[in-house]
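What follows is a short report on a single structure.
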Amino acid sequence: MKNSPLKRDENLLKLSRDHHAGLLFCWKIRQGVKYHVAVERMIEYIKYFWDHHFATHFKEEEEFLFAQVRDKEVQKALDDHEKIKTFIDQVSVSGMENEEDVLLELADTVDDHIRYEERVLFPHLQEKLSEDQLKTIGEQMVEEPLTDNYEDEFWKKPTSL
């Protein structure tokens with residue numbers, strides 16, 4: 001009998017929906033680079049996404065979910081958060097060398113982190129945490145999923161291509 005994936009606990013679904021928005025963030029950055037959009041436009045989007053998505057999402061994960069279990073799997077996620085925060089701080093400074101490569105590396109780092117949390121960390125935490133702990137975590141999080149309402153749709157294919 002084949003091992004089937006562990007169903008996501010309903011109390012973690014909000015975080016998984018946020019992860020979907022994070023994967024779209026990565027795709028948008030990659031599209032912007034593909035179309036050689038001005039780096040400044042993408043950097044403004046990265047700042048927006050940090051302020052309106054990642055900062056809150058990271059805080060919820062760190063304060064409500066990761067605080068419950070301290071092991072190497074959680075530590076990897078915390079280290080990833082720090083790496084992403086540092087990356088975003090660096091990207092926000094103008095005058096980077098190899099700007100498009102740096103933006104692609106940021107997108108890859110975020111993508112890898114989200115896939116780690118979804119495929120490894122969340123199933124691990126669902127096994128470790130009790131139903132009551134998961135319910136408490138779910139009750140502490142912001143109700144509505146975070147949305148991306150950024151107006152400059154730089155990721156769309158330019159009509160001149």
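General observations
- Kirkwood radius for the range 57-116, taken over all pairs of different Cα atoms as the inverse mean of 1/r, rounds to 12.6 Å.
- Table column - 3J(HN,Hα) (Hz), the range 19-28, Karplus curve with 6.51, -1.76, 1.60, x for Gly and Pro: 4, 4, 4, x, 5, 5, 3, 4, 4, 5
- The alpha-carbon of K128 sits under 17 angstrom from the alpha-carbons of these lysines, leaving out residues fewer than 8 places away in its chain: K7, K72, K76.
- Longest to shortest principal axis, alpha-carbon extents of the range 1-103, angstrom: 48, 30, 23
- To put it simply, the accessible area of the chain at a 1.4 Å probe is 48 percent carbon and sulfur.
- Computed over protein heavy atoms with a 1.4 angstrom probe, the accessible surface ordering of S16, S130, largest first, is S130, S16.
- Reach of K14 by Cα under 16 Å, taken over lysines that are not fewer than 8 positions away in the same chain: K59, K135
- Size of charge dipole - the range 19-141 - debye, nearest 20, with Cβ of Lys, Arg +1 and Asp, Glu -1, no other charges: 220
- Residues of type lysines that K157 reaches as a straight line, Cα spacing below 16 Å, ignoring anything fewer than 8 places off in the same chain: K28, K34
- Hydrodynamic analysis of the range 51-92 uses the Kirkwood radius over alpha carbon pairs. Inserted into Stokes-Einstein at 37 °C and 0.692 mPa s, it gives a translational diffusion coefficient of 302 µm²/s.
- Note that the range 1-91 presents 54 Å² accessible area per residue, ligands and nucleic acids not counted, probe 1.4 Å.
- Our summary gives the chain a relative contact order of 50 percent, counting only alpha carbon pairs under 8 angstrom and 6 or more residues apart.
The values are calculated or read from the model by the stated rules, or taken from the named source; none is laboratory data. Note that the structure is predicted; figures quoted are calculated from it, not measured. Because the Cβ atoms are built from the backbone with ideal geometry, glycine has one as well, and the counts that use them run over all protein chains shown. Heavy atoms of the whole protein, side chains included, go into the accessibility calculation; ligands, DNA and RNA do not. Shrake-Rupley method; radii C 1.70, N 1.55, O 1.52, S 1.80 Å.
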